[in-house]
1. For region 219-278, what is the charge dipole size about the Cα centre, in debye to the nearest 20, if Lys and Arg each add +1 at the Cβ and Asp and Glu each add -1 at the Cβ?
2. Using all alpha carbons of region 287-408, what is the percent of pairwise distances in each 5 Å bin, ordered from the shortest bin to the longest?
3. In debye, nearest 20, what is the charge dipole magnitude of region 296-435 about its Cα centre with +1 on Lys and Arg Cβ and -1 on Asp and Glu Cβ, if you could check?
4. What does the helix-only formula give at 222 nm for the chain: each DSSP H stretch with n ≥ 4 adding -39500 (n - 2.57), the total divided by the residues, and the result rounded to the nearest 500 deg cm²/dmol?
5. Any aspartates and glutamates with Cα under 16 Å of the K377 Cα? List them, leaving off those in the same chain fewer than 8 positions away.
6. Taking the dipole about the Cα centre of the chain, with the C-beta of Lys and Arg at +1 and of Asp and Glu at -1, give me whichever of L298, T257, Q436 is farthest to the positive side.
7. Can you tell me what share of the DSSP beta bridges in the chain is antiparallel? A percent to the nearest 5 is fine.
8. Taking volume of the Cα convex hull per residue in Å³ as the quantity of interest, determine which of (1) 171; (2) 122; (3) 136 was computed from the displayed structure.
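Any read-out appearing in this document is the output of simple, stated calculations on the displayed coordinates, not a laboratory observation. Small disclaimer: the values here were computed from a predicted structure and weren't measured. Glycine also receives a Cβ, built like all others from the backbone with ideal geometry; neighbour counts cover every protein chain displayed.
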Amino acid sequence: MSAASPQLVAAGPRKPRVIIIGGGFGGLHAARALAHLPVAVTVIDRRNHHLFQPLLYQVALAVLSPADIAQPIRGILRHQTNTEVLMDEVTGIDVSGRRVTLASGTKLGYDYLVVATGATHSYFGHDNWAPLAPGLKSIEDALEIRRRVLLAFELAERQMEEHGWHPPLNFVVIGGGPTGVELAGAIRDISQVLMQSDFRHIDPGKARVLLLDAGPRVLAAYPPDLSEKAEQELTKLGVEVHTRSNVTGVGPGWVETNGERIDAAVTLWAAGVQASPLGRMLGAPLDKRGCVLVDEHLNPQGLSDVFVLGDLAHFEQDGHQVPGVAQPAMQMGDHIGKLIGSDLAHKPRPPFRYFDKGDMATIGRLAAVAKVEWPFKAHLSGLPAWVTWLSVHIFFLIGFRNRLSVFAAWIWTYFTYSRAARLITGDQHLPGWQDQVMAGPNREGVVQTDKAASSR
């Protein structure tokens with residue numbers, strides 16, 4: 001028998017296999033935390049890129065390009081020799097047999113499973129609203145929102161040129177959380193400033209931006225003083241903030257709230273999220289949003305070899321649920337290395353504890369609100385909050401090229417009022433626009449020919 005015969009080759013002890021589902025903040029940090037442990041790591045994601053979601057709204061409003069906030073997962077982990085990346089979708093999880101099934105038909109066994117698949121949109125039982133009011137969770141969502149917002153101005157310009165009037169340019173954002181506030185402020189920014197000299201027959205600055213929220217205040221998870229500051233900044237910017245506005249209907253070109261129907265050239269959804277459906281495959285207890293209840297070691301009940309992170313996890317600390325945002329997801333991912341490392345060293349697992357560094361949201365050009373918890377405690381608003389927001393987001397972007405390109409884009413945009421990311425792709429139709437055109441010009445909100453605008 002030759003020396004190369006498999007029977008004579010010492011294979012060595014098998015390394016425990018860790019499968020990570022999801023290449024977001026939690027999954028990526030978990031993979032990095034396992035880099036120097038004697039384990040074999042497999043990262044599975046249905047997309048090939050990691051997305052920096054906090055800046056996704058800037059892609060949606062044409063300030064940044066998709067490549068500025070996304071990077072291939074393979075590229076991020078290319079130097080991590082114990083890690084492989086598979087672009088596939090998990091369609092089944094067998095916790096008793098310790099294996100996952102992929103859409104390609106492949107079945108993979110695991111010793112440890114990390115589930116970090118995040119959350120998706122929730123329309124509170126009205127899924128038929130989704131095509132009419134897109135939400136913002138992916139690059140595809142951002143590009144669709146960008147298409148609709150930019151197309152509304154183009155259609156209004158064409159309609160004004162051809163017929164001397166156009167339907168109301170109303171942009172309705174449903175949901176007053178951070179995403180809704182950032183979208184509303186950014187739409188107002190691009191209409192008031194960035195597009196002001198681009199058109200000859202319409203005045204983009206006259207577009208209305210309406211922010212609707214069913215609660216008593218925007219940014220309800222923030223301290224009341226910052227919530228009030230945010231509303232003041234939005235109003236100053238020209239956003240019409242409507243709290244206690246329960247949306248009861250969404251149709252092609254309209255939104256119904258509190259018994260009133262509002263014309264809407266574009267409707268955007270930022271009102272609710274629900275956990276990824278993968279959580280249900282674990283057979284563990286869930287909360288009302290579908291998040292998996294986890295203990296201090298991030299394990300679902302009875303599953304010590306399964307860890308759930310980020311938006312998908314319902315983790316409580318000091319009597320309160322830790323929010324499903326990027327910061328806890330990253331810390332949970334980092335903690336995975338300590339948990340599995342402790343198992344390999346036959347030591348007790350350390351409990352996870354979330355360290356809250358604060359929250360922040362932008363409102364518009366040079367304006368934001370920030371609740372800072374570390375390295376000092378403060379409530380900031382206006383320019384100081386915006387500078388803090390800019391610094392933090394630049395710091396956490398993955399890759400030097402991303403940081404450089406985003407910083408350059410922001411400098412270019414804020415000092416020249418221009419950006420080349422305003423591209424429209426896809427079809428040239430908006431839900432309900434043609435219906436409003438066919439209804440004729442004699443309706444409230446219709447814009448007639450404006451000589452001052454036409455002469456620009």
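1. Working: 4 positive and 8 negative charges, 24 e Å.
Computed charge dipole of region 219-278: roughly 120 debye.
2. 2, 10, 16, 17, 16, 15, 12, 8, 4, 1, 0
3. Working: 12 positive and 12 negative charges, 141 e Å.
Dipole about the Cα centre, nearest 20: 680 debye.
4. -9000 deg cm²/dmol
5. D225, D356, D359
6. Positive-most Cα among the choices belongs to L298.
7. Values: 38 of 70 bridges.
So the antiparallel bridges in the chain amount to around 55 percent.
8. Here volume of the Cα convex hull per residue in Å³ agrees with entry (1).
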